[in-house]
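The values are calculated or read from the model by the stated rules, or taken from the named source; none is laboratory data. In this text the structure is predicted, and so the values were computed from the model without any measurement. Glycine gets a Cβ as well: all are built from the backbone with ideal geometry, and neighbour counts include every protein chain shown.
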Amino acid sequence: MSTTPDDPRPAPDPGAPAGQSPPEPVKAIPVRHPGRWVAAAVLVVLCAMFVHMLITNAAFDWPFLFEQMFSSQVLIGVRTTVILAAVSMAIGVAIGIFVAVMRLSDNPILVTVAWVYTWFFRAVPRIVLCVLFGNVAILYQTLEFGIPFDNYWLPLLGFEDGARFYSVPMETLLSPFVAAVIALSLSQGAYMAEIVRAGLLSVDKGQTEAAQALGMNRGLVLRRITLPQALRVIIPPTGNEATAIMKDTSLVSAIPLTTELFFQLQQIGARTFNLFPMLVAACLWYLAITSLMMVGQYYLEHAFNRSNRSAASVRGVGQRA
Amino acid sequence: MTQNTAEAGTATGLGDDPMVVAENVHKHFGRLEVLRGIDMEVHRGDVCCVVGPSGSGKSTFLRCINHLEKISAGRLWVDGQLMGYRQRAGKLYELHDAQVARQRRGIGMVFQNFNLFPHMTVLGNLLEAPVRVNHRPRSEARKEALDLLDRVGLADKAGEYPRQLSGGQQQRVAIARALAMRPGLMLFDEPTSALDPELVGEVLDVMKGLAEEGMTMVVVTHEMGFAREVGDKLVFMDEGIVVESGEPRRVLADPQHDRTRSFLSKVL
């Protein structure tokens, strides 16, 4: 063996150097892993114990769980949770792109505004934001549009009444659902801004220069060149953010928005004095929704990688042709 | 477009305003002075090759021409227009982003690293600016783009993505992309420096064809053979100034300055 030190190694390669007899496949006894067998055995026993507990422990109350899990009250909760997450995420992404572009502009005022926004909404916990926006009515009973500070300076000019054109009571404007959307999307927007900014910065500067040299203005460069290329970097963490906000909809019962999934399940548990099955039902629902989202994310990422990576794009073209 | 430039190129003498005029152009990045007073004229239809050691400021000067870099002092005109500024009543006003973009439409640029748009096909790269910037009908732009691809020898690559092409092919696409805007002036920033040696020729051939059609070109390059054969003018830059310029054969054969002589002795 040691007499031909170089030849046996490249030999298994199908494109082996010519002029050699066909390579002899390596026949060797693989390394044994007894530890794996022990670990597998231990795991099998533990799993069996867990399944046994699931079946025999009466506290799970499976029939009750499945009956309640699909009750109309809970299904409304699922709908609220999904809609709330989707709307907040959509607004959050829009805010994120907007704020990221502000942050990267050469206008110092926009940069500062973007920085302060991101700083504030990343610092304050979502549950605090939820309670805060749920109680905005304390701050303003009505929302009025008019000339700023009119009550101070209009009397100086001899006018008695203020200059307010339009007013609407806060209660009608800020329903718990709207408060929840505002709280969650403002928070989400701050995180998305950082993700989009990182994505935009990841695009090679030469791309912008090439586009500018072709006579494209800043808006067109962003829309057609930098942002589409940034998506490849933006999409994976955005998927994680979408999952996170879906789970954080369970916080909005603090507003209080009570039609949300987790609150509904808890309420059934409290009413029937049978809490634990409802907690398990909550786990199952969130697992189901999150898993569906993961599938969507998988396909989305693959679609983007196909048009952006060389090897993948070769395959993509081949399929289309 | 080629007709226009060809006419202008042959119209020597009276009324022959140069395509590019640089007057005492300075550029500094912070304290680093990259350009220290460049005076240059490029006439219509001419091929002007700019050579010099790295760090001499030749790429920076090229980028000043289409205002990718703002000049710190001096004036720079392209096709009679002051680049990046408007002069009125003795005062200089900076142009808005959209106005600078409009000025750049008539100037094509080819980069060392190609900078093709990787998320678009070759055809998409060629269509982007004519359709989005010049608002030309897509079908018409498409026909012209395919003609251009044919001209650079890549008619069969229209549907492929840039990364599926070799470096030389990518650079030829980049040239076609710039030509799709029907520019009156083409800038080349070391177009062959990132290429494998055996791919340099195919790009230079395309550039040579362009020069023969009468395109006005400013070419920053290390290819002395190209400069001698195709160039109408050779400019040697060092440390931010033009050391020597003139007819390429003359400068290459008989450099007047020591600095030029020592540089050429190393690269020839």
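Among the residues of this structure, residue B:56 counts as one that is more than 10 Å from chain A (Cβ to nearest Cβ), touching a residue at least 60 places away in the same chain (Cβ under 8 Å) and hydroxyl-bearing (Ser, Thr, Tyr). The helices (runs of 4 or more DSSP H) found wholly in segment A:167-225 and carrying at least 1 residues that are in contact (Cβ under 8 Å) with a residue 24 or more places away in the chain and touching a Cys at 6+ places or on another chain (Cβ under 9 Å) occupy A:176-202. Once segment B:237-268 is narrowed to residues that are touching a residue at least 40 places away in the same chain (Cβ under 8 Å) and within 20 Å of the chain's Cα centre (by Cα), the residue that is surrounded by the most Cβ atoms within 10 Å (Cβ to Cβ) is B:237. Residue count for segment A:253-295 under the criterion of being of a type in the set (Gly, Ala, Ser), under 16 Å from residue A:79 (Cβ atoms) and either in contact with a Pro (Cβ under 7 Å, 6 or more places away or on another chain) or in contact (Cβ under 8 Å) with a residue 60 or more places away in the chain (or both): the result is 1.
Filtering segment A:145-198 down to residues that are of a type in the set (Asp, Glu) and within 26 Å of residue A:249 (Cα to Cα), which residue is surrounded by the fewest Cβ atoms within 10 Å (Cβ to Cβ)?
Among residues in segment A:145-198 that are of a type in the set (Asp, Glu) and within 26 Å of residue A:249 (Cα to Cα), the one surrounded by the fewest Cβ atoms within 10 Å (Cβ to Cβ) is A:171.
Taking segment A:241-273 as the search range and keeping residues that are out of contact with any helix residue (DSSP H, G or I) (no Cβ under 6 Å at 6 or more places or on another chain) and not in a helix (DSSP H, G or I), which one is surrounded by the most Cβ atoms within 10 Å (Cβ to Cβ)? Of everything passing the filter in segment A:241-273, A:256 is surrounded by the most Cβ atoms within 10 Å (Cβ to Cβ). Within segment B:175-205, the set of residues being assigned to a helix (DSSP H, G or I) and either touching a residue at least 60 places away in the same chain (Cβ under 8 Å) or out of contact with any Ser or Thr (no Cβ under 7 Å at 6 or more places or on another chain) (or both) comprises B:175, B:176, B:177, B:178, B:179, B:197, B:198, B:201, B:202, B:205. For segment B:182-208, the tally of residues that are out of contact with any Leu (no Cβ under 6 Å at 6 or more places or on another chain), modelled with pLDDT of 95 or more and within 12 Å of chain A (Cβ to nearest Cβ) stands at 5. Here residue A:238 does not qualify as within 30 Å of residue A:135 (Cα to Cα), in contact with a helix residue (DSSP H, G or I) (Cβ under 7 Å, 6 or more places away or on another chain) and surrounded by fewer than 20 Cβ atoms within 10 Å (Cβ to Cβ).
Yes or no, residue by residue, for (1) within 14 Å of another protein chain (Cβ to nearest Cβ); (2) of a type outside the set (D, E, K, R):
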residue: A:176; (1), (2): no, yes
residue: A:181; (1), (2): no, yes
residue: A:184; (1), (2): no, yes
residue: A:187; (1), (2): no, yes
residue: A:204; (1), (2): yes, no
residue: A:213; (1), (2): yes, yes
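Scanning segment A:227-243 for residues that are in contact (Cβ under 8 Å) with a residue 24 or more places away in the chain and more than 8 Å from the chain's Cα centre (by Cα) gives A:227, A:229, A:230, A:231, A:232, A:233, A:234, A:235, A:236.
Only a single item in (1) in contact with a helix residue (DSSP H, G or I) (Cβ under 8 Å, 6 or more places away or on another chain); (2) closer than 20 Å to residue A:191 by Cα is not met by residue A:80, and it is number (2). Residues that are surrounded by fewer than 24 Cβ atoms within 10 Å (Cβ to Cβ), touching a residue at least 60 places away in the same chain (Cβ under 8 Å) and of a type outside the set (D, E, K, R) within segment B:206-216 comprise B:211, B:214, listed in sequence order. Can you tell me which of A:100, A:123 is surrounded by fewer than 15 Cβ atoms within 10 Å (Cβ to Cβ), within 29 Å of the chain's Cα centre (by Cα), farther than 30 Å from residue A:271 by Cα and small (Gly, Ala, Ser)? Selected residue: A:123, the only one of A:100, A:123 that is surrounded by fewer than 15 Cβ atoms within 10 Å (Cβ to Cβ), within 29 Å of the chain's Cα centre (by Cα), farther than 30 Å from residue A:271 by Cα and small (Gly, Ala, Ser).
Would it be correct to say that residue A:230 is within 14 Å of chain B (Cβ to nearest Cβ), in contact with a strand residue (DSSP E or B) (Cβ under 8 Å, 6 or more places away or on another chain) and either β-branched (Val, Ile, Thr) or crowded, with 22+ Cβ neighbours inside 10 Å (or both)? So residue A:230 does not fit the description; no.
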